[in-house]
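What follows draws every value from the coordinates through simple rules; no lab data is involved. What you are looking at is a predicted structure, and each value in this text was computed from that prediction instead of being measured. Because the Cβ atoms are built from the backbone with ideal geometry, glycine has one as well, and the counts that use them run over all protein chains shown.
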Amino acid sequence: MDYLQIKRVNSLNGNIKISGAKNASLPLIAMTILANNSVHIKNLPHVADINTLLKLLSNLGAQCDFHDDRVVVDTSTLTQTKATYDIVKTMRASILVLGPILARFGHCEVSLPGGCAIGQRPVDLHLKALEQMGAKINIEAGYIQATAPDGLKGCDINFDKITVTGTANIVMAAALASGSTTLSNAAREPEVVQLCEILNASGVKIDGIGTAVLTIHGTNGKLIDIEEFSVIPDRIEAGTYLCAGAISRCELTLTNVEPKHLGAVLAKLEEMGSTFTTTKESITIHPSEVIKPVKIVTQEYPAFPTDMQAQFLALATQANGTSIIEERLFENRFMHVSELQRMGADISLNGNVATINGGTQLSGTDVMATDLRASSALVLAGLVANGTTDVHRIYHLDRGYDALEKKLEAVGANVKRLKE
Ligand code: EPZ
C-alpha cells in the first residue's frame, strides 16, 4: 500500500492546473445511460472513483474508452441492469445509475450503499422520489429492486432535505419520464447545474437551472443525443490548493479554475487574511503572514461546502486565535481531528462543533487518512509540520485528487509517494 511522505516546505511557488470535477463527472458519466449516441466527455480527472464508475458501466455492457482526460461512452450495448455489491461497496455514488437505468429499462437493481466513514448517508430521499414517480421499490437481500414497467411519470417532488446525488438521480429519471417533474428543495451545486445544462442542451427542457426548484420536461422514454462537452473544474480540489498556499504562507496560482464556484471558500480565506487576484479561469492567492481565526458552518451550496471543512480545520491550527467550525451535513466528519491532535494541534470537539486554538507548531509523525477530504487536511498539516509526516491509507486521497503529490512537488513541496 502507498503512503505519502511529506517534509516541511520553506516556500511553495508557481502554477497548479486544476482537474475536472469528480463530483460533476460521476453524474455526467451516469447520464450517458440516457443517450442514443456514443458520448464524448473531456476534462475528466484521473481519480479512482471515475475508474470505478466506468468499470460499473462496462460490467453492465457499455463500451467505455478512457484515454488521457477523455472518455467515449457507448451505452447502446448496455444490457445488464444490476449494480452489484462488489462495486457499490467501493463507491456509494454508484447509486447514480439507479435513476437513469430505471428510466430507460423500467427495472434496475442496485446494491444498497452502506454507511461510510463520514456518516450513515441513507438514500431514502432518492427512493421516496422514485416511488412518487410511480416506481415500485423493494429492498431485498441488501439490494434496491426498482421497477416501473409502464415508465416513470412526472410529478411534484419536494425533498425533505437538500441532497446532491439525490437531485442528480431524480433529474436523470425525470429526463425520460412522461410529463413534467417539478423538484423543490433541489441541490444548486455547480455539479448539478452542469448536469442540467447538458441535458437541457440535449433536448430535455429543464426550467429553473441553478435554483432550488427544477422543472424537468420528460421525453416520454425517448433517448437523447448528447454532444461532446468538458467537465467543469473541481472547486474542492482548487479550494484545497488555496489552503496549501494560505497555510504555507506562499503565493500560488491556480489555472483551469472557475472562481465563481468558490465564493464561500474565498470569502473565508479573506476573513483569515488572504487576498486574491482572479481572472476568468485563474486564481492567485496572496497569503498573509498572520492567519486570522474564523467561524465556519458547513451548509449546502452556495454556502460553505462540507468538502472543505477538514482543509480549513487544518489551516485554523495555524491561526493566531480560536476558530469554531460546525459541521451540519455529516454526523461523523471530524475523523481528521484525532490525527491532527497527534501532530500537536489543540482542538476540542463538542458534538458537531470543533474548537481550534491556533498557533501551535505541528510536529510530523505517522497519521492515518480516514476519508477523502480528511486525507487532504493531513497533507496540508504536513506541509508546515516540523520533521517528517507520513500519511497512510492514501487510497482515500486517490479517490478524488488527481496526481496531488506531483502537483505539489511542481510548486516546490517535498512530497513523495512511497510503498509501505
Ligand atoms: C455529495 O454526496 C458529494 N458526493 C459529497 O462529496 C458531498 O460531501 C455531499 O454531496 C454534500 O455536498 C458526490 O457528489 C459524489 P447528500 P451526497 O445526499 O449526494 C442526507 C467528497 O468528498 N441524505 O447531498 O451523497 C445525508 O445523509 C464527497 O467528494 C439523507 O438523509 O450527499 C447528508 O446528511 C463526500 N437521505 C445530507 O442529506 C438521502 O436520501 C446531504 O447528503 C440523501 C441524503
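The Cα center of region 378-392 and the Cα center of region 47-64 differ in position by 33 Å.
Taking neighbour Cβ counts within 10 Å as the exposure measure, how do Asp74, Asp366 sort from fewest upward?
Asp366, Asp74
Each Lys and Arg contributes +1 and each Asp and Glu -1, all at the Cβ; summed about the Cα centre of region 1-145, the dipole is approximately 400 debye.
Residue-wise HN-Hα couplings along region 314-328, as the Karplus relation 6.51 cos²θ - 1.76 cosθ + 1.60 with θ = phi - 60° gives them from phi, are 5, 4, 5, 5, 9, 7, 8, x, 9, 10, 10, 10, 10, 9, 9 Hz; Gly and Pro carry x. Close amide H partners of Asn36, meaning residues 5 or more places away or on another chain with modelled amide H under 5 Å apart, are Ile224, Asp225, Ile226.
Full extension of the chain between His40 and Asn386 yields a length gain of 119.9 nm, computed as 0.36 nm times the residue separation minus the alpha carbon distance. Given R0 = 30 Å, the distance between the Cβ atoms of Glu271 and Ala212 translates into a calculated FRET efficiency of 0.70. Taking the centroid of alpha carbons for each part, region 195-224 and region 119-172 are 18 Å apart.
Near Glu227: Cβ cut-off under 13 Å, other residues only, Lys/Arg at +1 and Asp/Glu at -1. The net charge is -2.
Based on DSSP, what percent of beta bridges with both residues in the chain are antiparallel, to the nearest 5? Don't skip to the end; give the middle numbers.
Numbers: 56 of 76 bridges.
Percent antiparallel among DSSP bridges in the chain is about 75.
Kirkwood radius and radius of gyration were both taken over the C-alpha atoms of region 77-131, and their ratio Rg/Rh is 0.97. Suppose we look only past 37 Å in the calculated P(r) of the chain. What percent of the Cα-Cα pairs does that tail hold? Within the chain, distances greater than 37 Å cover 23 percent of Cα pairs. Straight-line cross-link reach from Lys7 at under 18 Å between alpha-carbon atoms covers these aspartates and glutamates, not counting any fewer than eight positions away in the same chain: Glu339, Asp366, Asp390, Glu405, Glu409, Glu420.
Using Cβ point charges alone (K and R +1, D and E -1), the dipole size of region 360-417 about the Cα centre works out to roughly 80 debye.
The H on the amide N of Thr219, modeled in the peptide plane, is under 5 Å from the matching H of Leu176, Ala177, each at least 5 residues off or on a different chain. Counting only Cβ charges, +1 for Lys and Arg and -1 for Asp and Glu, the dipole size of the chain around its Cα centre is about 280 debye.
Between the residues Pro45, Ile283, Leu60, the greatest Cα displacement towards the positive end of the dipole of the chain, with unit charges on the Cβ of Lys, Arg, Asp and Glu, is found for Ile283. Reachable lysines from Lys22, Cα under 22 Å, same-chain residues fewer than 8 places away excluded? Leaving aside lysines fewer than 8 places away in the same chain, those within reach of Lys22 are Lys42, Lys55, Lys89, Lys260, Lys280, Lys406, Lys407. Its DSSP H runs of at least 4 residues, each contributing -39,500 (n - 2.57), put the calculated 222 nm mean residue ellipticity of the chain at -8500 deg cm²/dmol, to the nearest 500.
With a cut-off of at most 11 other beta carbons within 10 Å, and DSSP calling the residue loop, which trypsin sites (Lys or Arg not before Pro) in region 270-351 qualify? Please list them.
Lys280
Loop-located GluC sites (Glu not before Pro) across region 320-367 with a Cβ neighbour count of 16 or fewer within 10 Å are Glu331, with loop assigned by DSSP.
Over region 84-200, the alpha carbon radius of gyration divided by the compact-protein estimate 2.2 N^0.38 Å works out to 1.00.
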